[in-house]
Amino acid sequence: MRSTVEAITNFFAPPHCACCGAETTSSGFVCSACFTHLRPIQSPSCNRCAVPLPAMAFAGPLSSCVDCRNNPPPWRHAQAAYVYDDWSRRLILPLKYADRTENALFIAQVMQRAGAEMLRDADWIIPVPLHRWRLLKRRYNQAALIAKKISEKPGTPSYMPDVIERTIPTKALARLTARQRAAVVHDAFIVSRRYRSIIQGKKIVICDDVLTTGSTVGACTRLLHACGAERVDVLVAARTAQALPANKNDGKAL
């Protein structure tokens, strides 16, 4: 019955590539041409912030980049499915701003493969939250859609969408430096009161769409650690190839 309904739906509204819009066999997937352009994060990459590295020699004995060795992030590991570039933007931005919620399925699948190790023994997967006014305007949280799809796979952590709340409607971070981003999100989140007593000892994966400087997921991580989380990892759809500098004289990412 389901296959019949799907066939009828596809006849009247053919599924399209999540990147270029060409017709495909399944909704929410990418065509073979676009798939070859997407750049997966592969070794060598920093195991702390997932930034691609030009060679293993840049990773050092801790398999991390220079920024993370000098200024370690609060989370344990970060993993990304793709490099954030023109092609991965075609997947992420329509999901985020243009109601292309079907893209969440493909993104979740590639993230699940990329983060298989950290997901294997984690207890919870938590999306970075939107403020309620932004959620009302957008009608959905793209990070929550992705996290929920990931949690539906066997052997993945429980989906916990409301552990962290965004209490301040922060301005857009895209044009800000790392230092400015950190200042904006510093007090923007809280851990929901009903979860504070049960976070103790939990292994948690924070889910988001893009990792740039890490200011947002860093703020969330510190809150979870303060409540007793055993470990926090970060899993994202895409990672910028280079973190934004804190200011003109300081190249360290926050």
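The values are calculated or read from the model by the stated rules, or taken from the named source; none is laboratory data. All figures in this text were calculated on a predicted structure; none of them were measured in a lab. Methodologically, a virtual Cβ is constructed for each residue, glycine included, from the backbone with ideal geometry; neighbour enumeration extends over all protein chains shown. With ligands, DNA and RNA removed, areas are computed over all heavy atoms of the protein, side chains included. Shrake-Rupley method; radii C 1.70, N 1.55, O 1.52, S 1.80 Å.
A few remarks follow.
- For the chain, the solvent-accessible area with a 1.4 angstrom probe is 52 square angstrom per residue.
- About its Cα centre, the range 112-248 has a charge dipole of approximately 540 debye under the convention of +1 per Lys or Arg Cβ and -1 per Asp or Glu Cβ, with nothing else charged.
- Signed unit charges on C-beta, dipole axis of the range 185-227, positive-most listed residue 215, 185, 227: 227
- Only protein heavy atoms count here; on that basis, with a 1.4 Å probe, residue 146 has an accessible area of about 0 Å².
- Residue order by solvent-accessible surface for 96, 137, 149 is 137, 149, 96, largest first, with ligands and nucleic acids left out and a 1.4 Å probe.
- Taking the charge dipole of the chain about its Cα centre, with +1 at Lys and Arg Cβ atoms and -1 at Asp and Glu Cβ atoms, the residue from 66, 109, 41 reaching farthest to the positive side is 66.
- The packing ranking of peptides 230-240, 122-132, 61-71, 31-41, highest mean first, is 230-240, 122-132, 61-71, 31-41, where packing means the average number of other beta carbon atoms within 10 angstrom of each residue.
- Accessible-area order (highest first, 1.4 angstrom probe) of the listed residues 152, 117: 117, 152
- Residues 25, 213, 167 ordered from highest to lowest accessible area at a 1.4 Å probe: 25, 167, 213.
- Note that the range 198-206 has calculated 3J(HN,Hα) couplings of 10, 6, 3, x, 7, 9, 10, 10, 8 Hz, one per residue in order, obtained from phi through the Karplus relation 6.51 cos²θ - 1.76 cosθ + 1.60 (θ = phi - 60°); glycine and proline are x.
- Carbon + sulfur, % of accessible area of the chain - ligands and nucleic acids excluded, 1.4 Å: 54
- Using θ = phi - 60° in the Karplus curve 6.51 cos²θ - 1.76 cosθ + 1.60, the 3J(HN,Hα) couplings for the range 123-140 round to 8, 10, 10, 10, x, 5, x, 9, 5, 4, 6, 6, 5, 5, 6, 7, 6, 7 Hz; x is entered for Gly and Pro.
- Cβ-derived FRET efficiency at R0 35 Å, residue 57 paired with residue 194, nearest 0.05: 0.15
- Rg and Dmax over the alpha-carbon atoms of the chain stand at 18.3, 63 Å.
- 0 to 90° range, to nearest 10: angle between helix 215-226 axis and the chain longest Cα axis: 70
- The local environment of residue 84, defined by Cβ-Cβ distances under 15 Å, has a net charge of +1 under the rule Lys, Arg +1 and Asp, Glu -1.
- Basic side chains Lys and Arg get +1 at the Cβ, acidic Asp and Glu get -1 at the Cβ, and with that the dipole of the chain about its Cα centre reaches some 700 debye.
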